[in-house]
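Remarks on the structure that follows.
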Amino acid sequence: MAEYLVLIYGDESAMDEAAPAEMAKMMEGHRQFGQKYAAALRGGNALQASATATTIRSDGVGGSTITDGAFAETKEALGGYYLLEAPDLDVAIAMAKEIPAPNGGVEVRPIRPID
Amino acid sequence: MDASVEAAVADAHRREWAYVLAATVRVTGDIDLAEECVQDAYARALTTWPVQGVPSRPGAWLTTVARRRAIDMLRRRTTHDRVVPALAGFDDADHEPADHGGVIADDRLRLIFTCCHPALAPESQVALTLRLICGLTTSEVARMFLVPEATMAARITRAKKKIATARIPYRVPGPDELPDRIDAVLTVVHLVFTTGHTAPQGAELVRTDLVERALHLARMLRSLLPDEPDVAGLLALILLTDARLPARTAEDGTLALLADQDRSRWDADKIAEGLRLVREALERRPPGRFALMAAIAAVHAEAPTWSATDWAELVGLYDLLVTIWPSPVVSLNRAVAIGLAEGPEAGLAALDALAGEPQLAAYGYLASARADFLRRLGRVDEAADAYRQALAVTENAVEAGFLSARLAEADHDLRSAP
């Protein structure tokens, strides 16, 4: 078994403008996903908008600088994640395909075990 | 060394590499280790076969030797050595790959589906397929794609690392995924073929090394997936297209277009085999992408001359193809067929509808097709311009030579015009 972090990316402005019915449909999608794969899910959360993010970068001389905003400014921002367990990438991809990501998509990253 | 033994080893390398490697991966659960053991087995064959004679089943002999070596090396390995995780998809208990039901799983198929997994970049899929399925060395693959060996080595290493760490499984996909995954495999083989058939760069029009590898891969797939119409379609497409090879270049090395080819020089055996396969591929409704492309090649193969080609049939086939495989290049070929079925005016109109396609901007065929229709309409001035545009984007020396000759004709017509 291996663990995968599934990062959910989407266009935040499209999300802001989404009709209540669309939002409800997406939330229902997540609820169903959580229920169907309860046994494989190791965690997951939705994130607040990237406008609330704070980035801390090492300045290379022992200190750090703090700035407003996400680490990388992109049109499609990280909006949530799931941590899931799967025997292989095909199974992880099959699960990830069912995650609602109407204005973007998801990225599947294997967790690197540290021993 | 006895030349016949050397030839037998080379032949076993070409025919059996995938079989031996795939069977060995089953023992090691690790592609790198399996490759090393298989290379050892071929080296052993070179020293053993001259003494003991060539075995009646070379593939079985090589597999036994490679597997024995693998078991030996695995025993000597401590758990500490195992930095790379084992390939995913094995049942841990006995290293028996766990496939979904319903598909006959040859080990070679598992290896092919792993190499052509959509989670790998297309260029990595091609590189892995040539290296692991065809048994080419990294430097041979690098030469085929005209990239430095170090670049190709890094590409292959990165892809293998992803297979292991992201756990891309060593498995034949289940029935739900199978059609898409077969299409991915066929796409890789088709890419190897097209890269060889019209070499994108360089002095020669055709790279026979790549064409032969593509044909070998398509035949292997055909034997492993005999009931898949699109596999039959791809093999037919390769055979029917490659059958024209002897007529594609004139003796002085210049390009002969389909229109001007001496059809008696086409390979009749390849055409006969291709036509049989096309009929089989078209039995599935609706026909798939490769079946349709093969049917298009079949229309040309069956036409006794260029002027006797059934252009209306071709337009119909392109219409079907463009609905299942919408691509600017397919639309371009469709436009050319329309021009030949209904006249240069109609063809030019269909071509001009594609003028804004960004994908065609760097593609010389749009400009050269326009040039050809313009020339037929007597618009020599515009034809010359279009030939110049086509010349500006082609990187193949033989194609460039052809276009220059046409441009010279157009310029000559222009000067001699009243």
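Read the figures in this text as sums done on the coordinates, not as results from a lab. These figures come from a predicted structure and were not determined experimentally. Virtual Cβ from ideal backbone geometry, glycine too; neighbours counted across all protein chains shown.
Here are some notes:
- Using a cut-off of 31 Å between Cα atoms, the listed pairs A:Lys36/B:Lys162; A:Lys97/B:Lys162; A:Lys75/B:Lys162; A:Lys25/B:Lys162; A:Lys97/B:Lys270 include A:Lys25/B:Lys162; A:Lys97/B:Lys270 as exceeding that distance.
- Cα-based helix-to-principal-axis angle, B:178-197 vs chain B, degrees rounded to 10: 60 degrees
- With kT/(6 pi eta Rh) evaluated at 20 °C and eta = 1.002 mPa s, and Rh the Kirkwood radius from Cα pairs, chain A diffuses with a coefficient of 136 µm²/s according to Stokes-Einstein.
- Relative contact order (percent, whole number), the stretch B:248-381, Cα cutoff 8 Å, 6+ residue spacing: 15 percent
- Label-to-label distance, B:Ala362 versus B:Arg75, with points set 7 angstrom from Cα along the beta-carbon direction: 5.5 nm.
- Put in order of Cβ neighbour count within 10 Å, fewest first, the listed residues B:Arg276, B:Arg75, B:Arg289, B:Arg379 become B:Arg75, B:Arg276, B:Arg379, B:Arg289.
- Point-charge dipole on Cβ atoms (K/R +1, D/E -1) for the stretch A:2-110, about Cα centre, debye to 20: 280 debye
- Calculated mean residue ellipticity at 222 nm for chain B: -21500 deg cm²/dmol, from DSSP H runs with n ≥ 4 weighted as -39500 (n - 2.57), summed, divided by the residue count and rounded to 500.
- Inter-chain Cβ neighbour average for residues B:161-168, partner chain, 10 Å: 4
- Proxy reagent accessibility, fewest Cβ within 10 Å first, across A:Arg31, B:Arg167: A:Arg31, B:Arg167
- The stretch B:121-208 - convex hull of the alpha-carbon atoms, volume per residue in Å³: 101 Å³
- Cα pair count fraction exceeding 26 Å, expressed as % - the stretch B:294-418: 24 percent
- Inter-chain shielding of A:88-97 (mean C-beta neighbours from other protein chains, 10 Å cut-off): 5
- Where GluC sites (Glu not before Pro) fall in DSSP loop in the stretch B:317-400, at most 13 other Cβ within 10 Å: B:Glu395
- Once both labels are positioned 7 Å from their Cα atoms along Cα-to-Cβ, the gap between B:Ala153 and B:Glu395 label points is 2.4 nm.
- Kirkwood hydrodynamic radius of the stretch B:3-84, Cα pairs, Å: 13.0 Å
- 3J(HN,Hα) along the stretch B:33-42: 5, 4, 4, 4, 5, 5, 4, 4, 4, 5 Hz, from the Karplus curve 6.51 cos²θ - 1.76 cosθ + 1.60 with θ = phi - 60°, whole Hz, x for Gly and Pro.
- Expressed to the nearest 5 percent, the antiparallel share of DSSP beta bridges inside the protein assembly as shown is 95 percent.
- Residue of B:Ala294, B:Ala243, B:Ala346 that the Gaussian network model of chain B assigns the largest fluctuation, springs spanning Cα pairs under 10 Å: B:Ala346
- Crossing angle, helix B:58-76 versus chain B [Cα axis fit, 0-90 degrees, rounded to tens]: 50 degrees
- Whether chain B is rounded, prolate or oblate, judged on the alpha carbon gyration tensor where a/c under 1.5 counts as rounded: prolate
- Each Cα pair under 8 Å and six or more residues apart adds its sequence gap; the mean of these over the residue count of chain B is a relative contact order of 10 percent.
- Kirkwood Rh and Cα Rg combined as Rg/Rh, the protein assembly as shown: 1.02
- Cα centroid separation, the stretch B:6-63 to the stretch B:138-214 (Å): 22 Å
- The separation of the stretch B:253-270 from the stretch B:325-403, counted between C-alpha centres, amounts to 22 Å.
- Note on the stretch B:200-296: semi-axes of the ellipsoid equivalent to its C-alpha gyration tensor, largest first and rounded to whole Å, are 26, 15, 11.
- Against the main long axis of the alpha-carbon atoms of chain B, helix B:380-393 sits at an angle near 20°.
- Over chain A, relative contact order from alpha-carbon pairs under 8 Å, at least 6 apart, %: 51 percent
- The protection proxy used here, the mean number of other Cβ atoms lying within 10 Å of each residue, ranks peptides B:349-358, B:20-29 as follows, highest first: B:20-29, B:349-358.
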